[in-house]
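The block underneath contains the structure these notes are about, expressed in structure tokens.
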Amino acid sequence: MNGLKGSLVFLHIAAWLLFMSVPLLFMTQGEPLSNLRGSALLPYLQFCGVYMFIFYFHSNWLIPNFFLPKKHLIYSLFLGLLLAAVFIIKPFDTLMKQNRPNGGQRGEIEMRPPPPGRPPEGEFHRPPQNRDFGPERHFDITSLFIFIMIIGLGSALQSMKQSQLFERRAIQAEAEKVNAELSFLKAQINPHFLYNTLNNIYTLCLTGSENAAESVMKLSHIMRYVTDESEAAFVPLAEELECISNFIALQQLRVGKKVSIVYSVEGNPSKCKIAPLLLMTFIENAFKYGLSNHVETTIRVIIKIVDDKIIFSAENQLFDHKKTPERAGIGIENTKKRLEYLYPKTHQLTITTTEGMYSVLLVLN
């Protein structure tokens, strides 16, 4: 923000230096600046000061206080007063006249006598005389043009500021909307995940399994992660992997001997971050739809960290009585939305079903 303000100040200074150099070109007409008359300094400062005042008074006070609030009558009145002041002062014409050799006095007409030895032809020589044409009464068209240009530039500058302000507000509103939607999605995912896990522990308790107590301990670790970390937009990948490990360990306590679980992590996760519970939905679905009490099956979950990419893959067999219905739940859809919000154009998600095998491949940059 400070850099942007500094750039604007520099732009204003450069623009005014360029503006102040224009009258100097008219005054010197290609001659050195040292030839300028000293009496032209005050009109020159008056010329620059008048238009600087008009520019900032119009752009920083008239437009915000009267034009934008649609007080057009008062705005037009002030604009008319500024125009009248320019008409009276005539900044440009006053400057040009002051720089003339005779100081702007045009009433005295210089009469030259005839060359020596040559009498006047036709009529006698008229002696020099002074003529007083009275005060000049004409409109300074150049000052009017500069006035219109200054007003137009000020209006354009304020229009750009308003456009940028509206754009920032729109971006902020969109960001707030996205944050609200993400919070809503997390609120949906967490109960959904906990509901299924509690069902699994309930089944262990009904069967009197000795693993029920360990399951509660694993669930407590998961609960701590869900409640403490899920509010953050991104968490260290190592913490997400620890939660996944606890979840898979919890699932291993309840699955039968006919189910093989392959879980591996390759690479160094210490420097990576990820949205919390982003991968959990895919792993949960693998256990939800890839288990069978009668057929040997394998569930594979592979996570690789390669350079600046996180590559996640999950694969499980789909059984006829557990094919994913049209509405398999909110988990997958919510995860897709989170990916669109948090990883726009920086992720690749591929979900395929081939010959009874359900595969997920997710690449995060």
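The values are calculated or read from the model by the stated rules, or taken from the named source; none is laboratory data. All figures in this text were calculated on a predicted structure; none of them were measured in a lab. Please note: Cβ atoms are built from the backbone with ideal geometry, for glycine as well, and neighbour counts cover all protein chains shown. What goes into the accessible areas is simple: the full protein's heavy atoms, side chains included, and nothing from ligands, DNA or RNA. Shrake-Rupley method; radii C 1.70, N 1.55, O 1.52, S 1.80 Å.
Can you pull out every residue in the range 213-244 that is open to solvent by 80 Å² or more (accessible area, probe 1.4 Å) and either part of a loop (DSSP other than H, G, I, E, B) or of a type in the set (Lys, Arg) (or both)?
Scanning the range 213-244 gives Arg224, Glu231, Phe234.
Being open to solvent by 60 Å² or more (accessible area, probe 1.4 Å) and among the hydroxyl-bearing types (Ser, Thr, Tyr) is the filter here; which residues of the range 261-290 pass it?
Tyr263, Ser270
Look at Ser34 and say whether it is at pLDDT below 85, assigned to a helix (DSSP H, G or I) and either charged (D, E, K, R) or farther than 13 Å from Ser143 by Cα (or both).
For Ser34, the condition - at pLDDT below 85, assigned to a helix (DSSP H, G or I) and either charged (D, E, K, R) or farther than 13 Å from Ser143 by Cα (or both) - is met.
Considering only the range 52-101, how many residues are assigned to a helix (DSSP H, G or I) and either within 23 Å of Met160 (Cβ to Cβ) or in contact with a helix residue (DSSP H, G or I) (Cβ under 7 Å, 6 or more places away or on another chain) (or both)?
33
Return the residues of the range 302-325 that are at pLDDT 85 or above and closer than 16 Å to Leu364 by Cα; say none if nothing qualifies.
Those that are at pLDDT 85 or above and closer than 16 Å to Leu364 by Cα: Ile302, Ile303, Lys304, Ile305, Val306, Lys309, Ile310, Ile311, Phe312, Ser313, Ala314.
Identify, please: which residue in the range 198-212 is closer than 17 Å to Phe247 by Cβ and open to solvent by 60 Å² or more (accessible area, probe 1.4 Å) and is, among those, nearest to the chain's Cα centre (by Cα)? Even if it seems obvious, please write down each step before you answer.
Applying the first criterion (closer than 17 Å to Phe247 by Cβ) to the range 198-212 yields 198-204, 211-212.
Of the ones still in play, those that are also open to solvent by 60 Å² or more (accessible area, probe 1.4 Å) are 198-199, 202-203.
Numbers: Leu198: 44, Asn199: 46, Tyr202: 50, Thr203: 52 Å.
Across the range 198-212, the extreme among qualifying residues is Leu198.
When the residues of the range 40-84 are filtered to those that are buried (at least 16 other Cβ atoms within 10 Å of the Cβ) and not hydrophobic (A, V, I, L, M, F, W, C), which remaining residue is nearest to Ala15 (Cα to Cα)?
Going through the qualifying residues, I end up with Tyr51.
Looking at (1) of a type in the set (A, V, I, L, M, F, W, C); (2) under 20 Å from Leu153 (Cα atoms); (3) at pLDDT below 85; (4) open to solvent by less than 50 Å² (accessible area, probe 1.4 Å), which one does Met96 not meet, given that it meets all the others?
Checking Met96 against (1) of a type in the set (A, V, I, L, M, F, W, C); (2) under 20 Å from Leu153 (Cα atoms); (3) at pLDDT below 85; (4) open to solvent by less than 50 Å² (accessible area, probe 1.4 Å), the one that fails is (2).
Does the range 271-307 hold any residues that are out of contact with any helix residue (DSSP H, G or I) (no Cβ under 6 Å at 6 or more places or on another chain) and small (Gly, Ala, Ser), and which are they?
Ala286, Gly290, Ser292
Among the residues of the range 347-365, write down those that are within 34 Å of the chain's Cα centre (by Cα) and exposed (fewer than 12 other Cβ atoms within 10 Å of the Cβ).
Across the range 347-365, the qualifying residues are Thr350, Asn365.
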